[in-house]
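As structure tokens, the structure follows; a few thoughts come after it.
The values are calculated or read from the model by the stated rules, or taken from the named source; none is laboratory data. All of these numbers come straight from a predicted model, not from anything done at the bench. We place every Cβ from the backbone using ideal geometry, glycine too, and count neighbours over all the protein chains shown.
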Amino acid sequence: MKKIVSVFLATALAASACATLAGCDGDNKNYPVSVADITIETEPKDIVVLSDETADIISYLGYATKMVGRSDEVTQNFLSVAPSVGSAKTPDVEKIKSYAADIVFADDTLDENCKEQLTDAGIMVLTIASPETTTELETAYLTLGKVLGGTVDGARTGEDSYKKLIDAMKTCKAETNSNVTKTICYLYLNGDKLNTLHSGTYGDMLLGYTGAVNAAVNVSESEIDTKILKVANPDYILYADEETLQFIQNDSDLKGLKALKNNQTLMVTKEEMSRMGTTSLLTLNKIMNFMYPDRVKKSSEATSESVVPSAVEGATTATKAESSAQTTTGAATSNGSVEGQYNIKVSGLTLKLDDENNNVKAMQQRLFDLGYITDKGNVTGYYGEVTQKAVKEFQKASSLTQSGTADTKTLTALFKSDAKAKA
């Protein structure tokens with residue numbers, strides 16, 4: 001598994017003639033920029049981002065408009081307007097070259113042959129590694145800010161953005177107004193071993209802003225003994241996927257945990273927990289809404305205003321609205337439903353042809369995420385023929401009556417966390 005904590009700009013190219021961007025910038029206060037052994041002479045105008053974690057920070061910094069391409073792993077909806085260039089490991093080098101990208105931001109999975117082809121074409125490749133501490137995360141914001149915006153302006157953007165991120169998290173925590181100390185933990189499987197977000201990691205910091213105490217606060221390694229977790233007996237459990245939940249439910253030490261007995265469990269994917277920019281606030285709000293169902297909506301909406309910044313001005317209105325909606329929605333319920341993530345309640349609900357409302361839009365977004373609607377432009381809130389066809393396809397894949405009308409049974413199946421994706 002990719003490290004659960006996120007991105008720090010660390011190393012780049014071996015020495016080559018491609019280690020600098022040719023040219024001259026008239027604004028000497030910002031460029032050239034030196035990072036490690038690399039000099040960037042002019043402001044990068046067009047970039048390709050292969051690391052989903054780096055893309056998340058770049059978005060929050062306000063530089064997503066520079067993105068002319070992304071990898072398939074960059075699945076954030078608010079970045080979907082950038083065209084895919086293939087996988088992060090083996091991207092389509094020719095396509096990247098056709099975009100005339102100045103810089104490709106990668107992680108350590110990038111194939112060496114692909115890297116060599118890019119550098120031979122005069123494209124700078126910056127390799128990304130994950131930070132281990134919040135201090136390193138702050139450094140990542142500062143460094144990426146400098147690379148994309150310059151020594152003065154970019155560095156200031158990095159500093160201000162990191163402060164804005166932390167302030168937004170503090171605002172979320174302040175909304176809890178709880179005098180009772182609760183415990184929480186995040187669990188995921190690495191092979192057949194149970195792992196957690198332990199003390200000192202970014203994930204530990206994120207959990208701290210929920211107003212709860214990390215049950216693994218005294219654990220210094222990712223792998224955790226189930227007996228230790230049994231003693232900690234957390235009030236809330238966040239888990240990475242259904243496989244992790246099944247492991248917890250079947251383990252003799254864990255099946256009696258308070259969180260399981262009280263149905264206080266929530267699926268939060270590894271991507272949600274490892275992206276440390278725009279997504280981090282969406283994730284925090286998701287967890288907060290799960291823990292505090294009576295949380296004041298107005299406060300939540302106020303927080304959401306700062307979640308998706310002007311970084312995504314190039315995105316469609318629908319995409320931006322959806323990102324904001326995800327911030328203020330409730331969390332997935334303990335029975336495996338993801339209704340909360342889409343701000344919809346399906347009990348007793350039926351949607352049909354020619355309906356037009358937010359419930360239809362939530363359904364369309366779910367169908368889009370599962371692959372039944374292929375064009376993001378069809379997530380409009382209007383139940384037309386495209387949506388009807390998508391509903392029929394989902395009903396067929398789920399062994400339901402293919403009526404094209406989304407009755408309660410269909411919607412319940414659609415918003416299950418394990419809903420059938422399009423093959």
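When the residues of the stretch 223-234 are narrowed to those that are in a loop (DSSP other than H, G, I, E, B) and buried (at least 20 other Cβ atoms within 10 Å of the Cβ), which ends up modelled with the lowest pLDDT?
Keep residues of the stretch 223-234 that are in a loop (DSSP other than H, G, I, E, B), which gives 224-225, 233-234.
Okay, now just the ones that are also buried (at least 20 other Cβ atoms within 10 Å of the Cβ), so 224, 234.
On the way: Ile224: 92, Pro234: 96.
For the stretch 223-234, the residue satisfying everything is Ile224.
Here are some residues: Lys286, Lys258, Lys270. Which one is out of contact with any helix residue (DSSP H, G or I) (no Cβ under 6 Å at 6 or more places or on another chain), modelled with pLDDT of 90 or more and closer than 30 Å to Asp46 by Cβ?
Details: Lys286 fails: closer than 30 Å to Asp46 by Cβ; Lys258 fails: closer than 30 Å to Asp46 by Cβ.
The unique qualifying residue is Lys270.
Which of the residues belonging to the stretch 259-285 are part of a helix (DSSP H, G or I), farther than 23 Å from Gly191 by Cα and either in contact with a Ser or Thr (Cβ under 9 Å, 6 or more places away or on another chain) or hydroxyl-bearing (Ser, Thr, Tyr) (or both)?
Ala259, Thr278, Thr279, Ser280, Leu281, Leu282, Thr283, Leu284, Asn285
Out of (1) farther than 16 Å from Arg70 by Cβ; (2) modelled with pLDDT under 95, the odd one out for Lys115 is which?
The one condition Lys115 does not meet is (2).
If we scan the stretch 151-164, do we find a residue that is among the polar types (S, T, N, Q), more than 30 Å from Met124 (Cα to Cα), touching a residue at least 12 places away in the same chain (Cβ under 8 Å) and assigned to a helix (DSSP H, G or I)? Talk me through it step by step, then tell me what you get.
Just the residues of the stretch 151-164 that are among the polar types (S, T, N, Q), to begin with: 151, 157, 161.
Adding the requirement that they be more than 30 Å from Met124 (Cα to Cα) leaves none.
There is no residue in the stretch 151-164 that is among the polar types (S, T, N, Q), more than 30 Å from Met124 (Cα to Cα), touching a residue at least 12 places away in the same chain (Cβ under 8 Å) and assigned to a helix (DSSP H, G or I).
Report every pair of residues separated by at least 6 positions or lying on different chains whose Cβ atoms are under 7 Å apart, first residue within the stretch 213-234 and at positive phi, second assigned to a loop (DSSP other than H, G, I, E, B) and surrounded by 15 or more Cβ atoms within 10 Å (Cβ to Cβ).
These pairs meet every condition: Asn233/Leu257.
Give Gly377, Gly336, Gly371 a once-over and let me know the one that is in contact (Cβ under 8 Å) with a residue 60 or more places away in the chain and at positive phi.
Values: Gly377 fails: at positive phi; Gly371 fails: in contact (Cβ under 8 Å) with a residue 60 or more places away in the chain.
Exactly one residue qualifies, and that residue is Gly336.
Looking only at the stretch 113-142, count every residue that is more than 30 Å from Leu165 (Cα to Cα), part of a helix (DSSP H, G or I) and touching a helix residue (DSSP H, G or I) at 6+ places or on another chain (Cβ under 8 Å) and tell me the total. Give the derivation first.
Here is the first cut: in the stretch 113-142, the ones more than 30 Å from Leu165 (Cα to Cα) are 113-123.
Of the ones still in play, those that are also part of a helix (DSSP H, G or I) are 113-120.
Applying the additional criterion that residues be touching a helix residue (DSSP H, G or I) at 6+ places or on another chain (Cβ under 8 Å) yields 114, 117-120.
The total comes to 5.
Tally the residues that are within 16 Å of Gly404 (Cβ to Cβ), surrounded by fewer than 17 Cβ atoms within 10 Å (Cβ to Cβ) and not acidic (Asp, Glu), restricting the search to the stretch 350-377.
Qualifying residue count, the stretch 350-377: 3.
In the stretch 189-213, which residues are aromatic (Phe, Trp, Tyr) and part of a helix (DSSP H, G or I)? Step through it out loud before you land on a result.
Keep residues of the stretch 189-213 that are aromatic (Phe, Trp, Tyr), which gives 202, 209.
Hit for the stretch 189-213 is Tyr202, nothing else.
Out of the residues in the stretch 330-346 that are polar (S, T, N, Q) and surrounded by fewer than 23 Cβ atoms within 10 Å (Cβ to Cβ), state the one that is modelled with the highest pLDDT. Explain how you work it out, then say what you get.
First, pick out the residues of the stretch 330-346 that are polar (S, T, N, Q): 333-335, 337, 341, 343.
The next check asks that each one be surrounded by fewer than 23 Cβ atoms within 10 Å (Cβ to Cβ); those that pass are 333-335, 337, 343.
Numbers: Thr333: 42, Ser334: 40, Asn335: 51, Ser337: 82, Asn343: 78.
In this case the residue turns out to be Ser337.
Restricting attention to the stretch 242-268, and to residues there that are surrounded by fewer than 16 Cβ atoms within 10 Å (Cβ to Cβ) and within 28 Å of the chain's Cα centre (by Cα), which single residue is farthest from Glu339 (Cα to Cα)? Working first, answer last.
Here is the first cut: in the stretch 242-268, the residues surrounded by fewer than 16 Cβ atoms within 10 Å (Cβ to Cβ) are 242-243, 246, 249-253, 255-256, 258, 261-263.
Subset that is within 28 Å of the chain's Cα centre (by Cα): 242-243, 246, 249, 262-263.
Details: Glu242: 16, Glu243: 20, Gln246: 21, Gln249: 22, Asn262: 19, Asn263: 16 Å.
That would be Gln249.
Does Thr210 count as within 20 Å of the chain's Cα centre (by Cα), more than 16 Å from Lys286 (Cβ to Cβ) and of a type in the set (Val, Ile, Thr)?
Working: within 20 Å of the chain's Cα centre (by Cα): yes; more than 16 Å from Lys286 (Cβ to Cβ): no; of a type in the set (Val, Ile, Thr): yes.
Judged against the criteria, Thr210 is not a match.
Just to verify a result, which residue in the stretch 347-357, among those that are modelled with pLDDT under 90 and in contact with a helix residue (DSSP H, G or I) (Cβ under 8 Å, 6 or more places away or on another chain), is farthest from Asp235 (Cα to Cα)?
Gly348
Condition first: part of a helix (DSSP H, G or I) and more than 23 Å from Gln76 (Cα to Cα). Now tell me which residues in the stretch 353-393 satisfy that. Let's see the steps before the verdict.
Step one: of the stretch 353-393, the residues part of a helix (DSSP H, G or I) are 358-369, 376-378, 385-393.
Once the filter is applied, which keeps residues that are part of a helix (DSSP H, G or I) and more than 23 Å from Gln76 (Cα to Cα), the stretch 353-393 yields Glu385, Val386, Gln388, Lys389, Val391, Lys392, Glu393.
If you scan the stretch 254-271, which residues turn out to be among the basic types (Lys, Arg) and in contact (Cβ under 8 Å) with a residue 12 or more places away in the chain?
Narrowing the stretch 254-271 to residues among the basic types (Lys, Arg): 255, 258, 261, 270.
Once the filter is applied, which keeps residues that are among the basic types (Lys, Arg) and in contact (Cβ under 8 Å) with a residue 12 or more places away in the chain, the stretch 254-271 yields Lys258, Lys270.
Select from the stretch 165-188 the residues that are free of Cβ contacts under 8 Å to residues at least 24 places away in the same chain and in a helix (DSSP H, G or I) and write down the one among them that is farthest from Glu41 (Cα to Cα).
From the stretch 165-188, those free of Cβ contacts under 8 Å to residues at least 24 places away in the same chain are 166-167, 174, 177, 179-180; that's our starting set.
Adding the requirement that they be in a helix (DSSP H, G or I) leaves 166-167, 174.
On the way: Ile166: 31, Asp167: 33, Ala174: 43 Å.
Filtering first and then ranking leaves Ala174.
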